[in-house]
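The values are calculated or read from the model by the stated rules, or taken from the named source; none is laboratory data. For clarity, every value in this text was computed on a predicted model and none was experimentally measured. We place every Cβ from the backbone using ideal geometry, glycine too, and count neighbours over all the protein chains shown. Please note that ligands, DNA and RNA were not included when accessible areas were found on the heavy atoms of the full protein model with its side chains. Shrake-Rupley method; radii C 1.70, N 1.55, O 1.52, S 1.80 Å.
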Amino acid sequence: MEEPRPVIESPWWRDAVIYQVYIRSFADSDGDGIGDLAGLADRLGYLRDLGVDALWINPWYASPQVDAGYDVADYRAIEPAYGSVADAEKLIEAAHEHGLRVIPDLVPNHLSSQHAWFRAALAAGPGSPERDRFVFRPGRGRDGEQPPTNWRAHFGGSAWTRVEDGEWYLHLFDPGQPDVNWRSAEVRAEFSDVLRFWFDRGVDGFRVDVAHGLVKDPALPDLADPSDLTGASLGPGEHPFADRDEVQEIYESWRRIADAYPGARMFVAEAWVPSPERLARYVSPGRLHTAFNFDFLLAPWDPAALREAVDVTTGYLQAVGAPATWVLENHDVVRAPSRYGRRPDGTVDVALGARRARAALLLTAALPGGMYVYQGQELGLPQVDDLPDDALRDPTWERSGHTERGRDGCRVPIPWTAASAGHFGFGPVGGAAPWLPQPDRFALWAVDVESGEAGSTLALVRAVLERRRALPALGEGTLTWLSAPGDAVLAFRRDPGFVCVVNLSDDAVALPSHERVLLTSGTLEAGLLPPDTAVWLAVD
């Protein structure tokens, strides 16, 4: 048994394991087909025993649910289908009693078209203070019939919608999500107050949605390439609505608010930016604490690509004193077993993808910094690619003219029991069907099934997180790459006495010299590490 990790005076978020709760799809307590706060509260023991340190909860605010809660109608109220503010307070308290911190989502780039501010803006008319909270502009063309710019929305179509009086408003996502104007002092004051509202109720931090997108160029220039939504084709800070330098002033003010509270409150940025160098600006001293590493998330199952993502990211982040934050899945991307097992023709080799996802888990957990686990990832759930067309809810489906199916396939409610009664334990027996249908094959990945299997993905995740917490070498720190048997094998050391090896080749390879095997993602073959398998080793 490994010696317990020594106590180090370092903020908890620098190497935490944070579990992402997509609340609509986690657990339904009242049988309406939608996950809720009470359902989450009932499962806190499961999350504690899994070995995570905190919960990131996707938007729980009152919302028309145009984009699954990322269209907020009231930041100080809970979506009625999920519960109430009182329920949220009880959940925060209960989570803390289980040793779990709580990090809700914050959506500052846009709000709902049903928000009181936007309704007031429509009623007040052009040039009003109410409209200055948003980005309204007259159109182009003889009668203003053309949008003010050629900007495109992330969900497809124009980023502008015209209202009855002829003006147009900006929405970088759906028309039901109007962008707010961050040059407005009223907007800045409102969100500062929202932060304090929830910090006062005990939340431990916020995940910042679209952290790169708040500030817009007031000149509203056209884009030479309207498909460039993140600034990849432009110089640093030159994109009119993505990754502008002025956004850092906002995060400096937020950091001062967080630092005024006890208990090491934190922020994590969802920032889609052109380079790790630009990402490092978000987590420089006095700004946000951490940021998701999307280069690693998007890297193919290729040793050179994965190593480059690790090296470049850690290099830039260490230069500003920030930890790396690793993620393999979230609510916006294809689940890892399907992503890693996808063939060129679009079909999926499920067994291959599962092996690679398990190996990627060991790789990720061994890297310096913190990591995130998306609900269902601990079960090895694959993407649901065969949802019926009429079940799709992602606005991308409609905005793309039914050419892009969107993200619903990774958002299907997770299975708790193999029995189909109660929709695999997602809700009570006799309750409504889940808001997205679960395929029958989900029984194979149910929590109660995997809890009884020594070699299941759930058992592996529990073992990985237990070892990660116990081993002094893991968590925050540095790594040293080692020579490996072939270009398709990754091997690195972390001190004291730990080596991780990942075999991405087509052949089994010999293990380096070691004292003992700590953990493997799959079974060794006569002492050799098989293809698409990872191992943790104790070394001198």
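Observations on the structure shown:
- Looking only at residues of the range 135-165 that are outside any loop (DSSP other than H, G, I, E, B) and of a type in the set (Ser, Thr, Tyr), we find that the one that is nearest to Ser112 (Cα to Cα) is Thr161.
- Residue match in the range 402-418 (condition: small (Gly, Ala, Ser), open to solvent by 20 Å² or more (accessible area, probe 1.4 Å), assigned to a loop (DSSP other than H, G, I, E, B) and at pLDDT 95 or above): yes
- Matching residues, the range 419-440, being open to solvent by 40 Å² or more (accessible area, probe 1.4 Å) and under 25 Å from Glu378 (Cβ atoms): Ala419, Ser420, Ala421, His423, Pro428, Val429, Ala433, Pro437, Asp440
- The range 452-504, residues that are part of a loop (DSSP other than H, G, I, E, B), without any contact (Cβ under 8 Å) to a residue 40 or more places away in the chain and in contact with a strand residue (DSSP E or B) (Cβ under 6 Å, 6 or more places away or on another chain): Ala473, Leu482, Ala484, Pro485
- Within the span defined as the range 377-397, every residue fails to be part of a helix (DSSP H, G or I), aliphatic (A, V, I, L, M), free of Cβ contacts under 8 Å to residues at least 40 places away in the same chain and over 20 Å from Trp326 (Cα atoms).
Residues are listed down the side, and each one gets a yes or a no for (1) surrounded by 17 or more Cβ atoms within 10 Å (Cβ to Cβ); (2) among the hydrophobic types (A, V, I, L, M, F, W, C):
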residue: Arg183; (1), (2): no, no
residue: Phe191; (1), (2): yes, yes
residue: Leu214; (1), (2): yes, yes
residue: Thr230; (1), (2): yes, no
residue: Ser233; (1), (2): no, no
residue: Pro236; (1), (2): no, no
residue: Asp243; (1), (2): yes, no
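- Only one entry of Tyr46, Tyr75 meets the criterion of being hydroxyl-bearing (Ser, Thr, Tyr), touching a helix residue (DSSP H, G or I) at 6+ places or on another chain (Cβ under 8 Å), modelled with pLDDT of 95 or more and part of a strand (DSSP E or B), and that entry is Tyr75.
- Within the option set Ala95, Ala120, Ala88, being of a type in the set (A, V, I, L, M), over 30 Å from Arg265 (Cα atoms) and either outside any strand (DSSP E or B) or without any contact (Cβ under 8 Å) to a residue 24 or more places away in the chain (or both) holds for one residue only, Ala120.
- Residues of the range 193-234 that are part of a loop (DSSP other than H, G, I, E, B) and among the acidic types (Asp, Glu): Asp200, Asp204, Asp209, Asp217, Asp222, Asp225, Asp228.
- When the range 96-117 is limited to residues that are more than 22 Å from the chain's Cα centre (by Cα) and closer than 14 Å to Ala62 by Cβ, the one that is most open to solvent (accessible area, probe 1.4 Å) turns out to be Gln114.
Yes or no, residue by residue, for (1) open to solvent by 10 Å² or more (accessible area, probe 1.4 Å); (2) of a type in the set (Gly, Ala, Ser); (3) not in a loop (DSSP other than H, G, I, E, B):
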{"site": "Ile250", "(1), (2), (3)": "no, no, yes"}
{"site": "Ala271", "(1), (2), (3)": "no, yes, no"}
{"site": "Arg278", "(1), (2), (3)": "yes, no, yes"}
{"site": "Ser284", "(1), (2), (3)": "yes, yes, no"}
{"site": "Leu288", "(1), (2), (3)": "no, no, no"}
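- Trp160 vs. criteria without any contact (Cβ under 8 Å) to a residue 24 or more places away in the chain, in contact with a Phe, Trp or Tyr (Cβ under 8 Å, 6 or more places away or on another chain) and crowded, with 21+ Cβ neighbours inside 10 Å: yes
- Pairs with Cβ under 7 Å, 6+ apart, first in the range 101-112 and farther than 26 Å from Val135 by Cα, second open to solvent by 10 Å² or more (accessible area, probe 1.4 Å) and of a type outside the set (A, V, I, L, M): Arg101/Asp53; Arg101/Asp204; Val102/Asp204; Ile103/Asp204
- For the range 326-351, the set of residues classified as of a type in the set (A, V, I, L, M, F, W, C), assigned to a helix (DSSP H, G or I) and open to solvent by 10 Å² or more (accessible area, probe 1.4 Å) consists of Val350, Ala351, listed by residue number.
- Looking only at the range 166-186, and only at residues there that are part of a loop (DSSP other than H, G, I, E, B) and in contact with a Phe, Trp or Tyr (Cβ under 8 Å, 6 or more places away or on another chain), the one that is farthest from His110 (Cα to Cα): Glu167
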